[in-house]
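Notes follow once the structure below has been shown.
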Amino acid sequence: MYSGKQDDNLHIMTYTLNSGVKGTVPLSAAQIGEWLDSYRSNTKFVTEIGKEFFGLNPELVADFKVQNVFSSYREVVLPKQQEVVYNRLSEEFKKNSVWIHIDCKCGTTYTTESPYYRTKWYCTKCKEIVFLDKKKPLVKTNKGDAHYMTNKYLVDRD
């Protein structure tokens, strides 16, 4: 079990499940230490947060991070089977991913990869929403055929 310095401050742990679902949970330093022990030993983690119980199965967690708790803790050590699952899922996402071409009214145009088909995106420069133009055919880009997304004109979103 973790025997680090105890404090009452809560730190936000962000985790991603193997399914791609992300979650956050506030934990004390002691609870984070318990989570690390559970993660390394691949045992279920259950703790009390306020008046609620929170449980997390390390077998279902692809990765996690905690901000500013353990200054000497620099890397997340994935158990071998989770690393294999994570890599396999990553490869599956890449196989099934789609290219999208962004053409924003701010003048930014770029092509990026998305792990799944989507109907809206945010411009990386101005943060405005761009929408998929379903009526426009795939556009040719240097990365391959891509779905066209824009906010330069009103896109029919039906």
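The values are calculated or read from the model by the stated rules, or taken from the named source; none is laboratory data. Keep in mind the model is a prediction, meaning the values are calculated, not measured. Every residue, glycine as well, gets a Cβ built from its backbone with ideal geometry; the counts of neighbours run over all protein chains shown. Just the protein is used for accessible areas: all its heavy atoms, side chains included, with ligands, DNA and RNA removed. Shrake-Rupley method; radii C 1.70, N 1.55, O 1.52, S 1.80 Å.
Once neighbouring chains are kept in place and the probe is 1.4 Å, which whole percent of the accessible area of segment 101-158 is contributed by carbon and sulfur?
Working: 2000 of 3870 Å².
Carbon plus sulfur share of accessible area: 52 percent.
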Checklist outcome for this item: Amide H contacts under 5 Å for Glu128, restricted to residues at least 5 apart in sequence or on another chain and with H modeled in the peptide plane, are Cys123
Checklist entry - Using modelled amide H (1.01 Å from N, peptide plane; none on Pro or chain starts), what sits under 5 Å from the amide H of Thr141, excluding residues fewer than 5 places away? => result Ala146
Checklist entry - Using alpha-carbon positions, what is the distance between the centroids of segment 92-158 and segment 9-60, in Å? => result 35
Item to check | In sequence order, calculated HN-Hα J values of segment 126-131 (Karplus, 6.51, -1.76, 1.60; Hz; x Gly/Pro) | outcome: 9, 6, 6, 6, 10, 10
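How many Å² of accessible area per residue for segment 94-158, probe 1.4 Å?
Details: 4390 Å² over 65 residues.
Roughly 67 Å² per residue, with all protein chains present.
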Item to check | Long-range amide H partners of Ser28 with built H, under 5 Å | outcome: His11
Item to check | Spin-label pair Val46/Thr111, simplified geometry with 7 Å Cα→Cβ offset, distance in nm | outcome: 5.1
Checklist entry - Got a sec to turn the phi values of segment 100-106 into Karplus ³J(HN,Hα) couplings, 6.51 cos²θ - 1.76 cosθ + 1.60 with θ = phi - 60°, whole Hz, x for Gly and Pro? => result 10, 9, 9, 10, 9, 5, 6
